[in-house]
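*Asks:* Quick one: the structure is below, and I'll ask about it shortly.
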Amino acid sequence: MEGILIHVISILLLKRFKIRDFERINLYKIKPNKAVAYICFIATFSFFFIGKINNEVLKNILTVLFILGTIVLIYYGYIFIVLYGSLVLKKNIGPIFVIVCLFVPTMLIGLVIIGFLYGAGPLRQKLEEKVNKIYPHE
């Protein structure tokens, strides 16, 4: 709620002071980068090699890469879930999915895999095909 209020107040202030605002971008038009998805997927599975390494600096670097890669893939997965729910199912399933992930943490592994598949391309192509069937003019 606080984020929405800050967003609305900032838009009002920008209009009041006649400062040009950035154009809003549709979430569907943001396409994930395939190279970033592959790098994050490899970084996520670097966690399995941490125990076999004796160098502390390298362990810390792999831990940071694991955390960053996992976070990026979770965001890609969440974007796919929100887009799929809103464009195909016509329902806002994003907040419900977040609540389910909070109570069932093993769902995050599935979200990482969905995020990789969305970032690498197969789920993005399937989503575009479904959207083209529903909205042929776009």
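*Asks:* Let me spell it out: the conditions are (1) among the charged types (D, E, K, R); (2) under 28 Å from H7 (Cα atoms); (3) surrounded by 16 or more Cβ atoms within 10 Å (Cβ to Cβ), and K29 meets all of them except one. Which number is the exception?
*Replies:* So the condition that K29 fails would be (3).
*Asks:* So F47 passes all but one of these: (1) in contact with a helix residue (DSSP H, G or I) (Cβ under 6 Å, 6 or more places away or on another chain); (2) open to solvent by 60 Å² or more (accessible area, probe 1.4 Å); (3) under 30 Å from I11 (Cα atoms). Which condition number does it fail?
*Replies:* (3)
*Asks:* With the structure loaded, tell me whether V88 is in contact with a Phe, Trp or Tyr (Cβ under 9 Å, 6 or more places away or on another chain), on the phi < 0 side of the Ramachandran plot, hydrophobic (A, V, I, L, M, F, W, C) and at pLDDT below 85 or whether it fails that test.
*Replies:* Against the criterion (in contact with a Phe, Trp or Tyr (Cβ under 9 Å, 6 or more places away or on another chain), on the phi < 0 side of the Ramachandran plot, hydrophobic (A, V, I, L, M, F, W, C) and at pLDDT below 85), V88 does not qualify.
*Asks:* Next up: Please state which of the following conditions V104 fails to meet, knowing it meets all the rest: (1) at pLDDT below 90; (2) out of contact with any helix residue (DSSP H, G or I) (no Cβ under 9 Å at 6 or more places or on another chain); (3) open to solvent by 80 Å² or more (accessible area, probe 1.4 Å).
*Replies:* The single condition V104 does not satisfy is (3).
For every residue, the table says whether it meets (1) surrounded by fewer than 17 Cβ atoms within 10 Å (Cβ to Cβ); (2) over 30 Å from V8 (Cα atoms); (3) aliphatic (A, V, I, L, M).
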| site | (1), (2), (3) |
| --- | --- |
| D21 | yes, no, no |
| C40 | no, yes, no |
| A43 | no, yes, yes |
| K52 | yes, yes, no |
| F66 | no, yes, no |
| L111 | no, yes, yes |
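The values are calculated or read from the model by the stated rules, or taken from the named source; none is laboratory data. Quick caveat, the model's predicted, so the values are computed rather than measured. Methodologically, a virtual Cβ is constructed for each residue, glycine included, from the backbone with ideal geometry; neighbour enumeration extends over all protein chains shown. Heads up: the accessible areas ignore ligands, DNA and RNA and are worked out on the full protein's heavy atoms, side chains in. Shrake-Rupley method; radii C 1.70, N 1.55, O 1.52, S 1.80 Å.
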